[in-house]
1. If you bin every alpha carbon distance in the range 662-711 into 5 Å steps from zero, what whole percent lands in each bin?
2. Go through 627-639, 427-439 and give me the packing order, highest mean Cβ count within 10 Å leading.
3. Which value results when the Cα radius of gyration for the range 735-808 is divided by 2.2 N^0.38 Å?
4. With a 1.4 Å probe and all protein chains kept in place, how much accessible area does Thr488 have, in Å² rounded to the nearest 10?
5. Counting only other residues whose beta carbon sits under 11 Å from that of Asp328, what net charge do I get with K and R as +1, D and E as -1?
6. Give me the net charge for the shell around Glu573: Cβ to Cβ below 12 angstrom, other residues only, Lys and Arg +1, Asp and Glu -1.
7. Could you list which residues have their amide H under 5 Å from that of Arg440, counting only those 5 or more apart in sequence or on another chain, with H placed in the peptide plane?
8. Leaving ligands, DNA and RNA out of it, rank His333, His728 by accessible area with a 1.4 Å probe, largest first.
Amino acid sequence: MMRPRFALSRIVVVLIAVALSPAAGWSQQQRGVTPPRAASDSAAVARELERRFGAGLTHQGLLDQLRQSGLSRAQVRSRLQQMGYDPSLADRYFDAIERGAELPTDQTDEQLVEALRRIGVIELPPLDIGVSDSLLGDTLALAEPGETGEPEIFGAAVFRRRSAEFEPIRTGPAPPNYRIGPGDEISLVLTGDVELAYLLPVNREGYLVIPDVGQVFVNGLTLAQLEDRLYDRLGRVYSGVRRGADATTRFMVSLGRTRMNQVYVIGDVVRPSAYAVDALATVFHALYLAGGPNDNGSFRRIEVRRGGEVVQTVDLYDYLIRGDDSSDIRLEHGDIIFVPPVSRRITVTGLVRRPAIYEAAPDDDLRDLIRYAGGFQPDADIRRVQIDRILPPSQRSPGIDRGIVDVDLAALADSAGEPIPVYDGDIVQVFGVSLERRNRVTVTGNVRRPGLYEWHPGMTLGELIERAQGLREEAYLARAHIHRLVETDSTRRLIQVSLHPESDGTSAHEIELADRDSVVVFSRAGLRTPRYVSISGFVKRPGTYELSEGMTIQDLVLAAGGFTEGADVTTAELARLPQPWERTQQIAIVYRVPLGPMPGDTADLPLRAATPAQEGGDPYLPDWWPHPGEVVLKHGDRVFIRRAPGYEQPRTVTITGEVLRPGTYVLQKRQERLTELIERAGGLTPEAYAPGLRLHRKGTLVATNLPLALRDRGGRYDLTLEADDSLHVPVYDPTVLVTGAVTFESRVLYEAGKGLNHYLKRAGGLTERADRRRITVTYMDGERAAMSRFLGLFSRAPRIEPGATIYVPAKSEDEGGVNWDALLTRTTAILGTLATVLLAVDRLQH
């Protein structure tokens, strides 16, 4: 507990040391030299920026921060100058904002980053810097307003947001009570006998040096006092300078550029430090630069110390609540603004206009706190104002540290009554009025103006409907419901009424309503079961459609976008559900409905046919004139538009390779054969190898025998082609490919009459793991053959043809045969073990 006190004493010592040597600090800031403490702050800020933005804040990041701040170039320059920095530090970024100039490519300047942070352009979360290393310390540990959802300290947001609200006014004449000091610039203009103009700085000793006049001591003078003094001094040099109407030379003196004062903001503020401010700056401006009071700082007892004395005590509530800034005095060089800790804070929540945490002055009571909070909201229940209070130590007992105080309504309303005291830590809760409403009735449903209406004794249902501007056209008149509250048990009783006039001898207008009745008027459209029909098949937009009264099949086809190509435009198939009232074996009734001219008499059909379409024109766009004979659809009907019996999409096949005219061909008839296609393709070329024809159908190779097909046209080998078949006629291949479990995978020259063994030997023979029993041969036309057995004892090898592929598979791991060496080794080991056991048993017996 002693370390924070020691750290605070060190801060006070440092501030006193700085205050005793203002010239040194002033010269450093004027020269733009960062003092050692500020350098430490800059390093900490740089570390924090690197943590938040990655490897340092980029130039684009600085540009974005300036853009988001909403400050103009002039405001940023003014603030930089007040803080003792070069005013042009940020000019290159404003050039990029205003004129689109290119951003610099070098690394960002730490001094610029620190300067922008100190003037409020860059905002960071709390920095991890010890108090002993920096005056910043943990005074930055205030969360942004509204982030936590907890009540905010009243007035804190004023100092958190970026604003020019507290900027000193530098335009217009200087205030009459402004006192001139070192660093000010005085404008002196003489007219008449002489025409002269001077801009004269006030030096450190407080003198003006006027050419031909000499030194004039002006420190501490107002402009009016300076004018009186110049009448005497200028009159000695210029004879025309004198008071009165006979003066032949007149002069005018005004304030040019104002000086910069160094002030100190210490205590419980967000950023305690020394600040260079304009000579016109006030207490509010310095507090804004320091971020305002922190969580522990007082808003009501801010002291301005000058020359060791308190010259002003500022209560920020005067400005924040009443707009009174009379206590906001102008600061002088070396002034100290001290923010002491808060003494009493009270939280006001609930239905007040400004719920927040308020600081109470010594003589404030509950009425003052409610006034600070803007008074009660309209829905506040002032009969129930409650204080949640931390009990004083003398009133506490084990487990009881808090208490509840209900404030008397009469005491709160009597402004002249006894004060209602509040204590530090109190939470004042203002509750709202009850949401329950009396003297009302509710009407919902199919009326033109549903909602709440005032109830009065004797009010009838007809009067309520009339006040709701009547029933809608879709209102269900047979029955409406009145829900009435039974006060004895808080249940609701249902009352059924008819809205038909005098349906049972009683008019609805005569039914009397009770307080808090709820009337429900139903809608016929809402009660009606949705009715739908569906259509599928050869229409453009198949699907389900809402059934309209009188809709026919023709109307449904039009709603579905009409026919697509290939549709049967003469007939539709209609599936209708039987009546659901009885269970039968029939679950649907199917009709074929003519849509156009049909041969024969259709009078015996259970459904009447529509009018035939006009002949000619687009066959898929019939002229359907309305006719009473059209079939009217019912709920649940399903309509199918089938394909026209004679409609076929063009079917194509492709032939490549050794034919005279390879390409894609459209099949001319349903049963077009292989030889017919080859004939249409111009026949085979001399280089074609007919036995090697390959036919692919739906990605699968189909075995063929073109030589037999050519000899027996229309026979079993002359295959019927199907849509998307692909044929390839290869050239003659005089080799045989031998692959798989052979010594050398290779192509062997085909020799007529040679068998399988010949080609296996030419490939180096079989490997040890070759499975001769499963050798397969694939021919060029896709046919495959495998090894076979003759009489169960002798192997028969398949024939070999040019272009064939011989594949020798390898045996699997579990098909390797008997390993006699391993079997003999294991048998020997088992017998030896058995002999040892028998010998041991025999010895035990003897």
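1. 4, 16, 27, 30, 18, 4, 0
2. By packing density, highest mean first, the sequence is 627-639, 427-439.
3. 1.03
4. Looks like 130 Å² after rounding.
5. -3
6. Here the count lands on +3.
7. Amide H to amide H, under 5 Å and 5 or more residues apart or across chains, Arg440 pairs with Trp455, Arg516.
8. Working: His333 85, His728 60 Å².
Largest accessible area first, the list is His333, His728.
The values are calculated or read from the model by the stated rules, or taken from the named source; none is laboratory data. Just so it is clear, the structure is predicted and the values come from calculations on it, not from any experiment. Backbone-built Cβ (ideal geometry, glycine too); neighbour counts: all protein chains shown. These area figures cover heavy atoms from the full protein model, side chains too; ligands, DNA and RNA do not enter into them. Shrake-Rupley method; radii C 1.70, N 1.55, O 1.52, S 1.80 Å.
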